[in-house]
Structure formats: structure tokens, C-alpha cells
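Visitor: This is the structure I have questions about; it appears just below.
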Amino acid sequence: MTTDLTRASAADLADLLSRGETSSVEVTTALLDRTEAVDGDVHAYLHVDRDGALASARDVDERRGRGEDLHRLAGIPIAVKDVMATKGLPTTCGSKILEGWIPPYDATVVSRLKHAGMPILGKTNMDEFAMGSSTEHSAYGPTRNPWDLDRIPGGSGGGSSAVVASFQAPLAIGTDTGGSIRQPAAVTGTVGTKPTYGGVSRYGLVALASSLDQAGPCTRTVLDAALLHEVIGGHDPMDSTSIDAPVPAVVEAARRADVSGMRIGIVRELTGEGFQPGVRARFDESVQHLVDAGAEVVEVSCPSFTAALAAYYLILPSEASSNLAKFDAMRFGLRVLPEGVDDPSAEQVMAATRDAGFGDEVKRRIILGTYALSSGYYDAYYGSAQKVRRLIADDFTRAFETADVLVSPTAPTTAFRFGDKLDDPMAMYLNDIATIPANLAGVPGMSVPSGLADEDGLPAGFQILAPAAKDERLYAVGAALEQRLLSSWGGPLLDRAPELSTAGTTTKGA
Amino acid sequence: MSATTTDAVISYDEVLERYDPVMGLEVHVELGTLTKMFCGCATEFGAEPNSQVCPVCLGLPGALPVVNEKAVESAIRIGLALNCEIAQWCRFARKNYFYPDMPKNFQTSQYDEPIAFEGFLEVDLDDGTTYRVEIERAHMEEDTGKSLHVGGSTGRIHGATHSLVDYNRAGIPLIEIVTKPLRGAGERAPEIARAYVAALRDLLKALDVSDVKMEQGSMRCDVNLSLMPKGTDALGTRSETKNVNSLRSVERAVRYEMCRHGAILDGGGRVVQETRHWHEDTGVTTSGREKSDADDYRYFPEPDLVPVAPTRETVEALRGTLPEPPAQRRKRLQSDWGFADLEMRDVINAGLLELIGETVEAGATPAGARKWWSGEIARRANAAAVDVSTYAAEHAITPAQVVELESLVTSGRLNDSMARQVLEGVLDGEGTPTTVADARGLQLVQDDSALEAAVDEVIAANADVAQKVRDGKVQAAGALIGQVMKAMKGQADAGKARELILAKLTP
Ligand SMILES: [Zn+2]
């Protein structure tokens, strides 16, 4: 058999498995071997569970052998962002404060993956507690972009996008609070979906900002994203904010890839200045492809989007400052005793642990949020931000009266170099300017690769946004665009990425 | 170790001469739901430490709360019973502060959107009047865990070598009921405080939403108190006395704080806004944590929960499940039972209402039920310093047995003094009234000839008394009856003896 199992899509692997042309053990082994060969350079994983993944692969193979009725994705391995609680597997959220913590329970997303019979390969790297756009804020060192090892893979879910882009897994779970699935997808030439808020259970997702967080698929194809979306989506009684309705027909929409008669709204505020020319060029091309596929283009204005970043950086830190209070050394995780204190109090241990265990960006946001919620400032900061949030939701509502989906470049630029924005939080935050409005309004969004920017030859992303609970529209548009782009490129974009060194060393690639 | 204090106090009369108390009461009630407020863990009291916990109530990373619908129902019923308005839409909020026994380092509570608000409770006072306590709000929240300080001699954090935390209590549903500031209560402030907490306890018991055991902490009272110099309406600085856990302590704590504040103000000092700890043994409060307006809990709406929005239909349906209000029920029972005001008040103050009610329901006459419960049983309970129902439960005396005792008298088998002996036997654990009567051979003599002979003997031996009766002084027959009963060694029906004596001495 000639198929490279590491490069095959999940949909293709599912076919091979169901026809008995390969086994889950074979696929899982190939991926784990690939990880051994390339992840020293990429550093997409924080933890690889070879034994666990192979055991579950063997189990699925046996059940298939007995003729059991299996889930469509049974036997297809997956990587999970380290922000999801996995029973018996370390879960650090990229933070020292959770080093060594082994959750006693599975996140709902994880138990759904297990229930579907999908071997979990390991836990992927991320910015600490999902705060960042580059993975440079991981306490365990950054992940490198497979397209250029000197560049960021996006963030916070850079590990999940890189693991998929470097063919270490066909599928990964990401989480998106302000773009952490979509922006990494854009800069690594992969696909990522942030479902409608409440579409995928947050139970077991270590909260950054509860009202913004949403887990979703990271894949190489739109159909794979839909297949994974279907596995993890749907109501969960353990999450009060979970939507009690069937998962939108995302797989069907991805297969039909039909945009004829669809109104595509270009958001004026998300296409102007500040976008790299090459990113902008690929965006314009993509819009043209959709027009060629039968869509109609309209321009919409969402004036409140310009205040989205400001509102986001008040709401997120406010919620985060409270969500992260539980990391106090009392019941789990790191415990640091204060130096030079003979008989420390619980409060002193808490303070010493939080000082040692949290990185600078986390502390920055905890301080911001604590300030924004303080009495006397609450109305001016948190209160005003909530008003802006409502205005943004209103903008979406109005825009969706004239357009079925909205589109923009996913991120203003292609992957930047390590360190470029590390000392300038504002520049880092601006990366998420196009992705944040969807989180504030709770609407679904997707990033699909739109090609390589002419000036640097790096991937750019095309963002699609749909009304809440209309996630299937993302897949219709994403799949239609993917089809046309693939034929114009003559193959997947990732085929153009440089070969990674498979020496298994930790030296940087050329 | 009992707390000592150097706080000066002035006499209660002096306080009342110069100041008016302003009082606010915050009562926390643990709901008796089977599961916790935001997870499915059991809520059983006294279970093995940390045996009733899960990722949610331990605040493990990633865990999320889900509202216990039963707790919301209880909250609404409590609100309705307190004559409150019920919010059509309200949210939970996070109250942020660090404390080792609070797993998430925030308490999921309600802040400016309580489930119930603007109500009142009519409270019966000892003199038979009622006082209306205005209720500001009743809101839902979760309880914290419990710290156990090990290694010191006092069980307090001071001197302990380490602390253990039991999270079984973390996440148990609480309702906090807050009164408006009560003004103008004057000298009755301590009594009103106690009567309010008692009335609230009765109401919650009648609603069957909590076991309201103050000694186990399922009902806890915080007393906020300040003094206003007479003739002004300038509110003073208040102190907040925490966890006052018996009715008597509520009354004493209010009184003590009034005397303490009075001493400070008399001396030209300033009352410190602070938390005070109540010491049951010494009857004083001591300073706890100083509070200031800078105390900032950074409340914000709980993003992990959706708003609580009970429909009007739901609220009305719950209103239909409310029991008769205790005050109204007491009035009805008093008229059903034919008790005088004073009798009824004694019954209530002695905590006998429920026992008498059950006994009447089981077949006793109201007067009989009252006589037995408030007599020997109450006397013994008092001597043992426990309330009557506790004493009854410990000594296996039940309403059914009181009914049995009464029927032994009405059937003519026992007279009153015999019945008293039987009751003593029952309370001493000798068995049911009939068993005790049998075992002690207590039985009225049914043979009239023996009684008649005794009557004749007594008349003959007390000719002067007999003559008085013949002369029309019927009350003098009492002395003769006593002699007859003595001769019969108590085993006779005194009514019958009287009948015979009068038949022989009067035309
Ligand atoms: Zn629990």
C-alpha cells in the first residue's frame, strides 16, 4: 500500500480502516513514529501517550475484527490541547502551576472522543492558560511553525495547529477564546473551527474566559473538521451554557460544498489597513473563487468591531482573574513555600505559589482583570465592555440580515518571528483583531487556508463567520473554497511546506 | 479556652437611656436538598470527611456548575412564605476572595439580583403582640468547606501546627435571608431578634426546606448592630457578630453588643466596623477581622451559569405548595383547642405546639394533651436542660403513648395520681403506659363495698367535719375524700368517693 498514513485525511483514513486496508495500530504507530522524528524540532506536544494511544488503537482494531458497529472515526488518532482535562494524563495548560497534575476526570469532549474510539496521541502545547497568540507564553517553551521553525505557529493553540500541519496527527482539539483555533490555523495553513458558543461542551476545558471559550476542531481539511465537529458537538447537561439542540448538519454541508445563491458579506472594518498585502491578496482571490462558485458578494459594516479589542481585553482578564483564583496550592498542582518564612500561613503559600507558578502574561491579565472588576471601576471597565459586547452582537445581527456569512482575513499577517511581538503586548493582541468579534458575540467562525503570501511564502487564512447555530454555513463556504483552491494549487497547500528534518534532533531546521 | 475580653460595657438601662439600637439580621439556612447546589454530591451531615466531593465542588480545573433546580424551588418557596416578590430573571454572581476552605476562591452567590426581595415576617412576641420584620432579600449561594485546625489545644487556627479541610460542606445550598435595618425596637431589640429567628425557624420547618438545626450549623445567624444617640437619626457604625448559633445567644448577643457599643460611645470613642465572634460560654463578643469599605469582593455575573428565570406559572404553582403560615396556624389551633391566650402562649414558649398537635391528632383531648406534655414531661425536660421534643425522643415518650395514658384515665382504670405514676414509669423506660400500669399493679378498686366501708369509717372518725358538710359546707367534703383515698391507698376513684360521701351527708 502506497498511502502515507501520516498525510492522509481523517476521512480517507476512515475509509481505509473500514475497508480493512489498514489498522488503527498501524495508523497510530505511523503517527507516533512521525512525532518521534519531527517533534524534537516542532515541539507541538507537551506529553505523548504512546502506550495509551496504542492500547486504545488495539482495542478498536479488535472490536472491528469482531464486526462491531463502530463510529465513523473509530481508530483515528487525535491530539488534544493541554487545556482539556484528560483522566490519567497530565494536563498543564502550558503552566508551571499545574505541572504534574493528573486530572481524575475527563472533559466531556475527551470522553466523547474516547466513546467514538479515537486514540488520544497526547497533549499539545499552548500559551499558558491560552493567553497568547504565539505559544511563546508556554511555560514549557514555544512550538515552532512547521513552515518555518523560526516562526510562531500561532496561539494559543499553536501546538494543535502545528501537530496537524506537521503530519503528527490528522486531527486535534483546540480551544478558541479570541482566535486561538483560527489564528493558528491561518498561520500554519490548516483548518480550524470555533463552533457557536455552547455548541461544544466546556466541561473539563480549563476556563480562561468562561463566556468566550469554545472548543473546536483543528484539521487539514474542511470535511475532517466537520467530522470531528460532529463527534464533539451537542448538548451536555454538565455545562449549563451548552445548547440543547442537535449538532448542525456540518458534515452534509461540507460534502455538498454548495454556495450557489449564498450572500457573502465582506466586513469593511476587517479588511482595511493593518492587513499584510499578501494576506489581503489571497483574501481577494478567495472571494473571487466563491463568486465563481455561485455566491453573491455584499459589503457590510460592523462599526462596533473597532471597539472589540478593547472590550475583549477587559472581559477576558476580568473572567480570567476569577477563573484562575483556584490555582492556590491547596488541593492540586504546584505548591511553593515562601522563602525565609518559618511557619507560613495558607495565604503566604498561596501567594508564593502563584508568584512562582504563573508567567508574566498570566499575571498581567490577572492584574488587569482584578482592577477592572474593582468597585469604583466596575462600571467604567467591565460594565462598559459588556455594553460594547452587546453592540457588537447587534452589528452581527444587522449584518446577517443582508449576508448569510461574513468573511475577512483570519489574521492581519502571516506567522511572525519569535520575539517580534513578545515585548509589545498590544502588537500581540492586534493579531486577534479579526477573530475576537465572533467570541464576543458567540457566533461560529472558521479559518481555511487561502494560499501563501507573495512577500514571504507563508500561509494566510480566510475567515468565515456565520450566525449562531448556523455552523453548517461555515462548512458549505469553507468546503467550496477549499475545492477551488485545491484545484488551482494542484494539491494541498501543506504539500508546499518544507520537509521537516526527521533526524529526531532538537536542532532547528534549515 | 474561653475567650476573655477587656471590652467595657455599660448597663442595659444606661444604653436605653441614651441610645436607640438599629439592628439587621442575616440568617444563613442550609437547604435540605439531597444534592449540592451545583453538583450531584450528597449532602448528608456528619459523613466521613471529603467523602461527598467531586471535581465541581472541589473546584478542580475545568469543572463547571449546574444549578440544582430543587434548591431554586426551595428558594422561591421561602421567598413566597416571607411575602417577597420573586425575581422574573436573576443571575448568580461570583464573590471573589481567597480562603483555603473555599475551593474556587470565589463563592457562587447572588449579588444585586436576588431571587426574592421586599418581604416581611410577622413575629409573635412574648406579650402576645406581633412585630413586623421587613425582609430586604433572600438569595441563593453555596456553602464553603470546613477547616479543622490540628495541633493546638483550642481547635482554633492560633497555635495549630497544621490544618485539614473537609469539603463535604462545600457547595451545599444556602439561602441567605437579610432583614432591613430594624429601628425603633428600643429595649425589645434583643427579644425581637430572638423571636424573629424563632419565627423564621418555624417557618422553614413548616416549609420542609431545611432541618434548621442551629446547633449543627444548618441555620446560622449574623447580628449587625449599631446605636443611634437618642434624638438623632445619625446611623452609627455597626459591628457584625458572626455565627450566633442558638436562639438564646441571638438575644444575648444583641444585648451584649448594645452594652459594648454604649460604653464606647459614652467614652467618646468610635465603634470599629468589624466582624465580632460570639462566645457562648462567656456571653461576650471578641474582635475578629476588621472590615472596611475597601473590602472588595469584585462581584460580577457568574458566566458559567445561565440566568434563573422562573415563569409566573411556576411561581404560582409553588405558591400553591406553601403550608399555612405558622402565625395563622397557631391562631387556628388555639381556637380549635379552646386554649386561653395565656395557655397557648405557654404551650408555644415551651415548644409544645407540634407535640400537642400530634397528640390531639392521635386521639387525645386538647386539654389532656396539654396537661401531660406541659406537666411532668416538660418538668423533666427542663431539669435535663433540653427541649421537650428532644427529651421525648430520648425517652421514648410519643404522642400515641400520651393518648394511651389519657384513655386509661377516661376508661376508669386509673385516676390522675395513678396516671402520673404510670407516666413516670414510661419515662423511666419501663414500657408503654399499659405495661407500666400492669407491672406496678395500678388499678382503681372497682368493688364499691370496700369503698363504702371506707367512707363509713371516715365519716365516723371525723364527725365534726361530717357535720360541717351536713350543715351545707360542701367544700369540707374534700377533707373526707382525702381520708378515704388514704384509707384506700389511692386505689379508688376520688369522684366516686365524693359521690358516696355527699349521698350519705346531704339530703
Ligand atoms: Zn460535588
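The values are calculated or read from the model by the stated rules, or taken from the named source; none is laboratory data. Note that the structure is a prediction, hence the values are computed from the model and not measured. Positions of Cβ are generated from backbone atoms using ideal geometry, with glycine treated the same way; all protein chains shown enter the neighbour counts. Heavy atoms of the whole protein, side chains included, go into the accessibility calculation; ligands, DNA and RNA do not. Shrake-Rupley method; radii C 1.70, N 1.55, O 1.52, S 1.80 Å.
Visitor: Where does the range B:1-74 land on the Kirkwood hydrodynamic radius, alpha-carbon pairs, in angstrom?
Guide: Computed over the range B:1-74, the radius equals 17.0 Å.
Visitor: Distances longer than 37 Å among the Cα atoms of chain A: what percent of all pairs is that?
Guide: 22 percent
Visitor: Quick one: net charge of residue A:330's neighbours, Cβ under 15 Å, K/R +1, D/E -1?
Guide: The answer is +2.
Visitor: How large is the Rg to Rh ratio of the range A:87-209 when both quantities use alpha carbon positions and Rh follows Kirkwood?
Guide: Ratio of gyration radius to Kirkwood radius: 0.94.
Visitor: How far apart, in nm, are the 7 Å Cα→Cβ label points at residue B:8 and residue A:260?
Guide: Label-label distance for residue B:8 and residue A:260, simple model: 9.6 nm.
Visitor: A further question follows. Taking only C-alpha pairs under 8 Å that are 6+ residues apart, what is the relative contact order of the range A:402-482 in percent?
Guide: RCO, the range A:402-482: 36 percent.
Visitor: Between residue A:268 and residue B:162, how high is the FRET efficiency from 1/(1 + (r/R0)^6) when r is the Cβ-Cβ distance and R₀ = 45 Å? Nearest 0.05.
Guide: With R0 = 45 Å, the Cβ-Cβ based efficiency is 0.10.
Visitor: Same structure again: Treating each Cα of the range A:353-398 as an identical point scatterer and ignoring solvent, apply the Debye formula and state log10 I(q)/I(0) at q = 0.18 Å⁻¹.
Guide: -0.67
Visitor: Going out from 0 in 5 Å bins, what whole percent of all Cα-Cα distances in the range A:133-194 drops into each bin?
Guide: It works out to 4, 25, 34, 25, 10, 1, in whole percents.
Visitor: Tell me what chain B gives for mean residue ellipticity at 222 nm when only DSSP H runs of n ≥ 4 count, each as -39,500 (n - 2.57), the sum divided by the residue total, rounded to 500 deg cm²/dmol.
Guide: Estimated from H runs of four or more residues: -11500 deg cm²/dmol.
Visitor: Determine the order of A:135, A:397 by accessible area, beginning with the largest, at a probe radius of 1.4 Å.
Guide: A:397, A:135
Visitor: Please give, to one decimal in nm, the separation of the simple spin-label points placed at residue B:122 and residue B:453, each 7 Å out from Cα toward the Cβ.
Guide: Going by the 7 Å Cα→Cβ label model, 6.3 nm.
Visitor: What translational diffusion coefficient, to the nearest whole µm²/s, does the range B:326-440 have by Stokes-Einstein, given a Kirkwood radius computed over alpha-carbon pairs, a temperature of 20 °C and 1.002 mPa s viscosity?
Guide: This corresponds to a translational diffusion coefficient of 150 µm²/s.
Visitor: At 1.4 Å probe size, what's the solvent-accessible area of residue B:435? Round to the nearest 10 Å².
Guide: Rounded to the nearest 10, that gives 70 Å².
Visitor: Pick out, in residue order, every one of the trypsin sites (Lys or Arg not before Pro) in the range B:409-492 that is DSSP loop and has at most 16 other C-beta atoms within 10 Å; say none if there are none.
Guide: For trypsin sites (Lys or Arg not before Pro) across the range B:409-492 that sit outside H, G, I, E and B with at most 16 neighbouring Cβ atoms in 10 Å, the list reads B:440, B:473, B:489.
Visitor: Grab the Cα-Cα distance for residue B:354 and residue B:327, subtract it from 0.36 nm times how many residues apart they are, and report the gain in nm with one decimal.
Guide: Taking 0.36 nm per residue and subtracting the Cα distance, the gain is 8.4 nm.
Visitor: Here's another thing I want to ask about it. May I ask for the percentage of alpha-carbon pairs in the range A:232-340 that lie more than 21 Å from each other?
Guide: 69 percent
Visitor: Also, quick follow-up: Report the accessible area of residue B:280, computed with a 1.4 Å probe over the heavy atoms of all protein chains in place, in Å² rounded to the nearest 10.
Guide: 90 Å²
Visitor: Also, quick follow-up: Heavy atoms of the protein only, probe of 1.4 Å, neighbouring chains included. What is the accessible area of residue A:391 in Å², nearest 10?
Guide: Number for this one is 90 Å².
Visitor: Can you put B:493, B:233 in order of accessible area, largest first, using a 1.4 Å probe?
Guide: B:233, B:493
Visitor: Calculate the translational D of the range B:233-278 in whole µm² s⁻¹ from Stokes-Einstein, where the hydrodynamic radius comes from the Kirkwood formula applied to all Cα pairs, the temperature is 4 °C and the viscosity 1.567 mPa s.
Guide: 114 µm²/s
Visitor: Run through all the Cα pairs of the range A:437-510 and give the fraction in each 10 Å bin from 0, expressed as whole percent.
Guide: Computed distribution, short to long bins: 17, 35, 27, 18, 4.
Visitor: Starting from the alpha-carbon convex hull of the range B:256-412, give the projected area averaged over all orientations, in nm².
Guide: Orientation-averaged projected area of the Cα hull: 17.7 nm².
Visitor: Using Cα pairs under 8 angstrom and six or more residues apart, how large is the relative contact order of chain A, in percent?
Guide: 18 percent
Visitor: Follow-up question, since we're still on this one. At q = 0.05, 0.12, 0.13 Å⁻¹, what log₁₀ I(q)/I(0) does a Debye calculation on the Cα points of chain B give, no solvent, two decimals?
Guide: Ignoring solvent entirely, the Cα scatterers give -0.30, -1.16, -1.29.
Visitor: On the Cα set of the range A:1-108, report Rg and Dmax in Å, please.
Guide: In Å, with Rg to one decimal and Dmax whole: 15.2, 46.
Visitor: Let me ask another. With runs of 4+ DSSP H residues as the only contributors, calculate the mean residue ellipticity of chain A at 222 nm using -39,500 (n - 2.57) per run, divided by the residue total and rounded to the nearest 500.
Guide: Result for chain A: -12000 deg cm²/dmol, rounded to the nearest 500.
Visitor: Go ahead and run the numbers for FRET between residue B:387 and residue A:374, Cβ-Cβ distance against an R0 of 60 Å, rounding to 0.05.
Guide: According to the calculation, E is roughly 0.80.
Visitor: Relative contact order for chain B using alpha-carbon pairs under 8 Å, separation at least 6, rounded to a whole percent?
Guide: 15 percent
Visitor: By the scheme Lys and Arg +1, Asp and Glu -1, what is the net charge of all other residues having a beta-carbon under 14 Å from that of residue B:318?
Guide: -2
Visitor: Step through the table entries A:81/A:114; B:104/B:146; A:96/B:95, compare each Cα-Cα distance with 21 Å, and write down the pairs that go over it.
Guide: Checking Cα-Cα distances, A:96/B:95 exceed 21 Å.
Visitor: Just need log10 I(q)/I(0) for the range A:379-510 at q = 0.10, 0.13, 0.19 Å⁻¹, Debye formula, equal scatterers on the alpha-carbon atoms, no solvent, rounded to two decimals.
Guide: Reported log10 I(q)/I(0), two decimals: -0.47, -0.74, -1.18.
Visitor: Right, another one. Counting pairs of Cα atoms in the range B:1-153, how many percent are more than 22 Å apart?
Guide: Value for the range B:1-153: 58 percent of Cα pairs lie more than 22 Å apart.
Visitor: Hey, another quick one. Between residue A:402 and residue A:360, with labels modelled 7 Å along Cα→Cβ, what's the label distance in nm to one decimal, could you check?
Guide: It is 4.4 nm.
Visitor: Quick one: Kirkwood hydrodynamic radius for the protein assembly as shown, alpha-carbon pairs, angstrom, one decimal?
Guide: Computed over the protein assembly as shown, the radius equals 33.6 Å.
Visitor: Further, regarding this structure: Got a sec? What order do B:131, B:391, B:111 fall in by accessible area at 1.4 Å, biggest, i.e. largest, first?
Guide: Sorted by accessible area, descending: B:111, B:131, B:391.
Visitor: Could you name the aspartates and glutamates whose alpha carbon sits less than 19 Å from that of residue B:496, not counting residues in the same chain fewer than 8 places away?
Guide: Candidates past the 8-residue exclusion: B:406, B:416, B:447, B:448, B:452, B:456, B:457.
Visitor: Further question: Could you tell me the extents of the range B:448-505's C-alpha atoms along the three principal axes, largest first, rounded to whole Å?
Guide: 29, 19, 16
Visitor: Are any of the pairs A:326/B:180; A:363/A:421; B:36/B:213; A:87/A:194; A:123/B:70; B:213/B:331 more than 28 Å apart by Cα-Cα distance, and if so, which?
Guide: With Cα atoms farther than 28 Å apart: A:326/B:180; A:123/B:70.
Visitor: Treating cross-link reach as a plain straight distance, find the lysines whose alpha-carbon is under 17 Å from the alpha-carbon of residue B:473, omitting any fewer than eight places away in the same chain.
Guide: Excluding near neighbours in sequence, the set is B:504.
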